[in-house]
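Please read the structure below before turning to the comments.
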Amino acid sequence: MPAVATLPAWLQRSLIRWGVHPDDHKRPVADLPVERLPLPSRLFLPLQQHVGAPARPVVKIGDHVLKGQLLAESAANISAPVHASTSGRIVDITTYPAPHPSGLEQPVMVLEPDGKDRWIDTAPPADPFALPPTEVGRMVSAAGVVGMGGATFPSAVKLALGLRVQVEILIVNGGECEPYLSCDDRLMRDHAAGVVDGIRLALHAIGAQEARVGIENNKPEAIAAMQQAAAPFPEVRIMPVPAQYPMGSDKQLIQVLTGREVPFDGRAADAGVLVHNVGTCHAIHQAVRLGRPLVERLVTVSGGAVRRPRNVVAPIGATAQALFDYCDGLASAPARVIMGGPMMGNPLATTASPVIKGTSGLLALTQEEVGEGERAGPCIRCASCVSVCPMNLLPLEMAAHIRSDDPDGAFQLGLNDCIGCGCCSYVCPSAIPLSHYFSYAKGALAANERAKLKSESIKKLTTARLERQEREAREKAEAAARRKAEREAAKARAAAQANAATAKAATADVNA
Amino acid sequence: MSTLPQPNHAPHAHSGLKVSRIMATVMLALTPATLFGFALFGWPSILLWLVTVGSCMVLEVACLRLAGRGGPKTLWDGSALLAGWLLAMTLPPFAPWWIGVVGAFATIVVAKHAYGGLGQNPFNPAMVGRVALLISFPLPMTTWVQPSPLFAASSPSLIDSLHIVFSGTPVPDALTSATVLGHVKAEATRGIDALQAVLGLQMDGSGLGWHAGSLGETGTLLILAGGLFLLARRIITWHIPASLLAGLALPAAIGHAVAPEQFLSAGAHLTAGAAMLGAFFIATDLVTSPATSAGRLIFGFGCGLLTWVIRTFAGFPEGLAFAVLLMNAGVPLIDRYTRPRIYGHGQPAKAS
């Protein structure tokens, strides 16, 4: 398949045979100027805001810290450090409700701002392009940059991988296909130069020659701003793509921008590409050009229940409640409060949960926006789910297997290829929660896998134990036999000696 | 704010598409052709339609009650109404009331609820109803009448119609007639070839539906218009209608080119009988057709081809119902062998 994005615009739409067009609800918020959240009285900085191992604290309770100071260091190969979002005092290291549907508590550092918002001394390099690529990667790693589109994978790990396997193309994800969200749109409009600089730094860090920036064509202002900023740099190509959810999914964007597919058992790098979100590129720019770690981000606060929806720059660790309050609170009781977008975002268990590095949006949705919440009806095999699935799966058949408690059957049909985009649930006329089914079945499969591994290891241990017991018994028996043989040999020897003695005596007797 | 609503899995939005809306759209698409049929055949057709649809609704309620799945929502999804409507479209307009009731029983009880209700039935319910009637009661199911427009002087009045439908008064001989396909088949048995048979028929305006037949056979152009409406509203995809019509027209065209006296032309096949109704409303039934695009092409072509084979070589003048049921039986197999290639599987990663 050719790269759809390189074809004329009128052809693109008809060549993309997947996806849905939810009401985007992006305006007017996307057109309003960004506002900055005043410093809240407390910030809650989770030690784990990324994929991988939680960061390890390097400051103590009571320490005074400056904005951008390292609070917790990267604790493994795949991990990311956490920095102070403002200057102030560490008042506690404790547990606090995570921004997760469970609302379970996770380790956090509690920072009480001193109101001065004083930065650490930074010493950015004069010309980062003169640095070796690995050094740029190290700076990104030290700045705690993670995937800001929501995946929160440590960016430096990806850069190192890209350098190692020599990817050819850097894909920059400015798709922002989730409804409501406009933080990436706003970032590209307001900070296009910074984003393009970050893209070039990332190119330098992985040694690739070309960056393709995919931006959905419902963001003409962002496209124009980015084109202008990228004009002096031919290696950065701005490519408008059709506004079609889930365009911002890595696999789909790679397909549309390059015509390549990520192999089912591989990574993007196996297709010769690496994907970074525009927000991540801007964070890389901040980290390398200004020496500033990732301590704040743009968050879209929106949804029908929010009185004054806005794009807000918030320090990492501000609570969801603080952001809603800044937007004049909620006009009505929301049906759901979501972190992220409505298609893939997670509902929050409590608005006390903090904004983390991967928080793109905070949405308070009304019942009307969420849908009527009808009970699921029987599948009428309309195959709407089949026609929208961006992975070419057969959701209706996978769901039938899962309903009859057969996750393995669903696995055979490609369950693990499901990217969880939610298109199938979105279109299902019978309101069957297909995405939910698939999450459940993926969990069940993983649990089965774990149980299998466990029973295998138990079996191995049991076999080993039996073998050992057998061996020990055998050795014992052998030792006993040996001892017996020795005893008998000794006895025989003694008898022989005795015989010999008798014989000798007899001979002596004879001789005598 | 400490108490938030119970967490729910994403997505937190819905397109608003509903089963009841799909069914309502299909009924809307059927309405023009149905009204045309009512006008063409008058009160008996209206009464028979009411009896058929009403029986389907009553039986649906009874079955849902028996299954313990009652409730107005399940009834008003409209699936029973639509199945009854489609069945009524295929009946001779002057058939007696019990044809409608027995057909509704076969449609709703046997073809749908015996398998577990909406979404579970492997065979198209309306076609099961029609075939059951055709095999069990060949005479009333093949007694066709000439158009006898509503309020025309020669047409039966409401009272006469009540007699025809409810008390078994025979249809006046003057009114009986054969369908185009029935006529050609009958003439063939008398040794008159297809060319002559069609010429002998008053074919003027047959494309407009002014001839004997069921409601679904007469308003061909209106059925086509309704089908195009469904395509535009994305209730159905183009695959089944296109491949079904191709599967019917291709062998017909070849046969007609080779031996016109033996084989009807493609045009006659497409405009006569239930070709259009079948292509846009019957074979496209969501529950009983394949889920993949490739599967739909195979399914549609098979329906068309079998229809032509039955019409041409078998004892029945019209074979669409049989063709659809035969292909229904193959749907699980078709679906199994037309699974689309999953993204990232079986293709080299670097295409360009």
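Tabulated data
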read-out: Residue within segment B:314-331 that is under 21 Å from B:Ala111 (Cα atoms), open to solvent by 50 Å² or more (accessible area, probe 1.4 Å) and either in contact (Cβ under 8 Å) with a residue 60 or more places away in the chain or not aliphatic (A, V, I, L, M) (or both) present; value: yes
read-out: Boolean, B:Leu40 is touching a strand residue (DSSP E or B) at 6+ places or on another chain (Cβ under 7 Å), aliphatic (A, V, I, L, M), open to solvent by less than 50 Å² (accessible area, probe 1.4 Å) and at pLDDT below 90; value: no
read-out: Residues that are closer than 18 Å to A:Leu294 by Cα, of a type outside the set (Val, Ile, Thr), open to solvent by less than 20 Å² (accessible area, probe 1.4 Å) and touching a His at 6+ places or on another chain (Cβ under 8 Å), drawn from segment A:149-174; value: A:Pro154, A:Ser155
read-out: Given (1) aliphatic (A, V, I, L, M); (2) modelled with pLDDT under 90; (3) not in a helix (DSSP H, G or I), index of the condition A:Ala498 fails; value: (3)
read-out: Filtered residues of segment B:114-127 (kept if open to solvent by less than 30 Å² (accessible area, probe 1.4 Å) and part of a helix (DSSP H, G or I)); value: B:Pro125, B:Ala126, B:Met127
read-out: Number of positions in segment B:250-265 that are in contact with a helix residue (DSSP H, G or I) (Cβ under 6 Å, 6 or more places away or on another chain), of a type in the set (Gly, Ala, Ser) and open to solvent by 20 Å² or more (accessible area, probe 1.4 Å); value: 2
read-out: Filter pass, A:Pro107 being within 17 Å of A:Leu201 (Cβ to Cβ) and away from chain B (no Cβ under 14 Å); value: no
read-out: A:Gly259 being open to solvent by less than 10 Å² (accessible area, probe 1.4 Å), assigned by TED's automatic domain parsing to the domain that holds A:Val301 and in contact with a Gly (Cβ under 7 Å, 6 or more places away or on another chain); value: no
read-out: Complete set of residues in segment B:227-261 that are of a type outside the set (Lys, Arg) and part of a loop (DSSP other than H, G, I, E, B); value: B:Ile235, B:Ile236, B:Thr237, B:Trp238, B:Ala259, B:Pro260, B:Glu261
read-out: Selection status of A:Met398, touching a Ser or Thr at 6+ places or on another chain (Cβ under 9 Å) and outside the structural domain of A:Ser155 (by TED's automatic domain parsing); value: no
read-out: Qualifying position, being under 18 Å from B:Ala24 (Cα atoms) and modelled with pLDDT of 85 or more, among B:Phe263, B:Phe229; value: B:Phe229
read-out: Segment A:53-74, residues that are open to solvent by less than 30 Å² (accessible area, probe 1.4 Å) and touching a Phe, Trp or Tyr at 6+ places or on another chain (Cβ under 7 Å); value: A:Lys67, A:Gly68
read-out: Failed criterion for A:Met226 (all others in (1) in contact with a strand residue (DSSP E or B) (Cβ under 6 Å, 6 or more places away or on another chain); (2) open to solvent by 20 Å² or more (accessible area, probe 1.4 Å); (3) more than 14 Å from every other protein chain (Cβ to nearest Cβ) hold); value: (2)
read-out: Residue list for segment A:182-197, filter: open to solvent by less than 10 Å² (accessible area, probe 1.4 Å) and more than 18 Å from A:Pro232 (Cα to Cα); value: A:Ser182, A:Cys183, A:Asp185
read-out: Options B:Leu86, B:Leu82, B:Leu91; residue that is under 18 Å from the mean Cα position of the chain (by Cα), more than 12 Å from every other protein chain (Cβ to nearest Cβ) and part of a helix (DSSP H, G or I); value: B:Leu86
read-out: Long-range neighbours under 6 Å by Cβ, at least six apart or interchain, first residue within 7 Å of another protein chain (Cβ to nearest Cβ) within segment A:428-443, second in a helix (DSSP H, G or I); value: A:Pro429/B:Val19; A:Pro429/B:Ile22; A:Ser430/B:Val19; A:Pro433/A:Ser425; A:Ser435/A:Ser425
read-out: Whichever residue in segment A:82-139 is among the basic types (Lys, Arg) and outside any loop (DSSP other than H, G, I, E, B) and, among such residues, is nearest to A:Leu71 (Cα to Cα); value: A:Arg89
read-out: Residue that is nearest to the other protein chains (Cβ to nearest Cβ) [pool: residues in segment B:107-132 that are in contact with a Pro (Cβ under 8 Å, 6 or more places away or on another chain) and hydrophobic (A, V, I, L, M, F, W, C)]; value: B:Leu118
read-out: Residue under evaluation A:Ile316, criteria (1) open to solvent by 10 Å² or more (accessible area, probe 1.4 Å); (2) under 18 Å from the mean Cα position of the chain (by Cα); (3) more than 12 Å from chain B (Cβ to nearest Cβ), criterion not met; value: (1)
read-out: Test: B:Leu297 is buried (at least 19 other Cβ atoms within 10 Å of the Cβ), within 14 Å of chain A (Cβ to nearest Cβ) and assigned to a helix (DSSP H, G or I); value: yes
read-out: Some residue of segment A:363-382 being under 23 Å from the mean Cα position of the chain (by Cα) and either farther than 30 Å from B:Thr288 by Cα or more than 8 Å from chain B (Cβ to nearest Cβ) (or both); value: yes
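The values are calculated or read from the model by the stated rules, or taken from the named source; none is laboratory data. Please read these numbers as outputs of a predicted model, since none were measured by experiment. Note that each Cβ is placed from the backbone with ideal geometry, even for glycine, and that neighbours are counted across all protein chains shown. Side chains are part of the model used for accessible areas, which takes the heavy atoms of the whole protein and leaves out ligands, DNA and RNA. Shrake-Rupley method; radii C 1.70, N 1.55, O 1.52, S 1.80 Å.
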